[in-house]
Amino acid sequence: MRTDQPLPPVGGLRPDVHTGKVALVTGGGTGIGRATALDLAAGGASVVICGRRPEPLAEAAKEIEALGGSCVTLSADIREESHVTTVVDRALDAFGRIDVLVNNAGGQFSAPAEEISPGGWRAVHRLAVEATWAMTREVARRAMIPRRSGAVFFIAFSPRRGIPGFAHAASARAAVENLAAGLSLEWSRYGIRTVCVAPGTIATGGLDDHYTPEDRERWERSVPLGRLGRPEDVSGLISFLASPQGSYITGTTVVVDGGADAWGAGHPVPDVPHHLTTPDSSPNKDNP
Ligand SMILES: CCCCCCCCCCC/C=C/C(=O)SCCNC(=O)CCNC(=O)[C@H](O)C(C)(C)COP(=O)(O)OP(=O)(O)OC[C@H]1O[C@@H](n2cnc3c(N)ncnc32)[C@H](O)[C@@H]1OP(=O)(O)O
Ligand SMILES: NC(=O)C1=CN([C@@H]2O[C@H](COP(=O)(O)OP(=O)(O)OC[C@H]3O[C@@H](n4cnc5c(N)ncnc54)[C@H](OP(=O)(O)O)[C@@H]3O)[C@@H](O)[C@H]2O)C=CC1
């Protein structure tokens, strides 16, 4: 860690800030989604969380209920349109409204661009872009447009440009940023805000499971604040943006990355991640 400053406490909004609201968080059983569900519930929201595996959802629900919150869990693969419909059905059956949608579920694998198969490209875009849009459209049409209010969050990446090993994922997240911006132009008339949040590298189980310690250390070195983010650094931002204090923010991307998006000046061009390097991958000096 490059800083000797103590970590700021997490939380801080008024405890009743989301009282009466209902929030749906995709991928709410783990990592950033779980922290977001907990933060929104701590502010008084009733929460619906979905994901494919029931176990993490049940764990998160137990934590939310221990806070005195209400939580409905649904095992669903949001890449399936019928599952999206079922999630929204169940949320409306349980609570009668959806005020906040957090499109958090997402994932990718790291690979050199030229080795990403068409199927691998589609898998990443299907989850990050198509499933996200299917959920957003369903929630907007059935829960937000009729009530003339709502807040929809999308998750992108910081840095907000090319990331070595992530050609499919970085392009998908750029699509999602423009989706948030474009929807604000169309849906402000319904009182719906659409905001994209771009986290830097956040220390979650998902990050630990899918990336090497060398990659994580290298990413940490590129953060001006000198540490990886915590899930609560992202969830606290989303909770603020969902609150009345965030009510003038829409159509934009808010970066939460310890300064990583400002990185670059005076540093060498980054190599591809260590585990992706092959003998053929060094630049061809004869053909600059
Ligand atoms: C400028 C430099 C500064 C550096 C700063 C860097 C910052 C980096 C920030 C990184 C941030 C991101 C972190 C996270 O998101 S952490 C959360 C992590 N969680 C995940 O990513 C979830 C893990 N991934 C998955 O679950 C799956 O990969 C995915 C959901 C994307 C696909 O699932 P699916 O079930 O559809 O996959 P299939 O097995 O059916 O395969 C479908 C096709 O995809 C191909 N594939 C899958 N895995 C790989 C792989 N590891 N390598 C290559 N190809 C893969 C698979 O072959 C299928 O394709 P084909 O049909 O062609 O065979
Ligand atoms: N951690 C990081 O550094 C960063 C993460 N992000 C993004 O933030 C989001 C959360 O990341 P993080 O918490 O680290 O990752 P996790 O892997 O912990 O969380 C992803 C969640 O999404 C759920 N999910 C995945 N696929 C589906 C699906 N098809 N249908 C329903 N749910 C699904 C997973 O549950 P299950 O497997 O049970 O379905 C899991 O709960 C992701 O979109 C990620 O790409 C963005 C920038 C940086």
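The values are calculated or read from the model by the stated rules, or taken from the named source; none is laboratory data. Owing to the predicted nature of the structure, the values given are computational and were not obtained by experimental measurement. Every residue, glycine among them, receives a Cβ derived from its backbone with ideal geometry; neighbour counts consider all protein chains shown. Areas reflect the complete protein model, heavy atoms only, side chains present, ligands, DNA and RNA absent. Shrake-Rupley method; radii C 1.70, N 1.55, O 1.52, S 1.80 Å.
Remarks
- Here R79 clears all of (1) in contact with a strand residue (DSSP E or B) (Cβ under 6 Å, 6 or more places away or on another chain); (2) not in a helix (DSSP H, G or I) except the condition numbered (1).
- Residues of segment 45-76 classified as in a helix (DSSP H, G or I) and open to solvent by less than 30 Å² (accessible area, probe 1.4 Å), total: 5
- Members of segment 51-76 that are closer than 16 Å to I98 by Cα and in contact (Cβ under 8 Å) with a residue 40 or more places away in the chain: T73
- Condition check for F166 on (1) more than 13 Å from the chain's Cα centre (by Cα); (2) away from ligand 1 (no atom under 15 Å from the Cβ): one failure, at (2).
- Filtering segment 149-179 to residues that are in contact (Cβ under 8 Å) with a residue 60 or more places away in the chain, away from ligand 2 (no atom under 14 Å from the Cβ) and open to solvent by less than 30 Å² (accessible area, probe 1.4 Å) leaves only A151.
- Take the conditions (1) open to solvent by 50 Å² or more (accessible area, probe 1.4 Å); (2) farther than 20 Å from A151 by Cβ; A42 misses just one of them, which is (2).
- Filter pass, A262 being more than 26 Å from R53 (Cβ to Cβ), touching a Pro at 6+ places or on another chain (Cβ under 9 Å) and either free of Cβ contacts under 8 Å to residues at least 12 places away in the same chain or within 14 Å of ligand 1 (Cβ to nearest atom) (or both): yes
- Residue-level analysis places V102 among those that are open to solvent by less than 50 Å² (accessible area, probe 1.4 Å) and either in a strand (DSSP E or B) or within 13 Å of ligand 2 (Cβ to nearest atom) (or both).
- Only one entry of T194, T132 meets the criterion of being in contact with a Gly (Cβ under 8 Å, 6 or more places away or on another chain) and either within 22 Å of Y248 (Cβ to Cβ) or among the acidic types (D, E) (or both), and that entry is T194.
- Residues that are charged (D, E, K, R) and in a helix (DSSP H, G or I) were ranked within segment 153-195; the one that is nearest to R126 (Cα to Cα) is R173.
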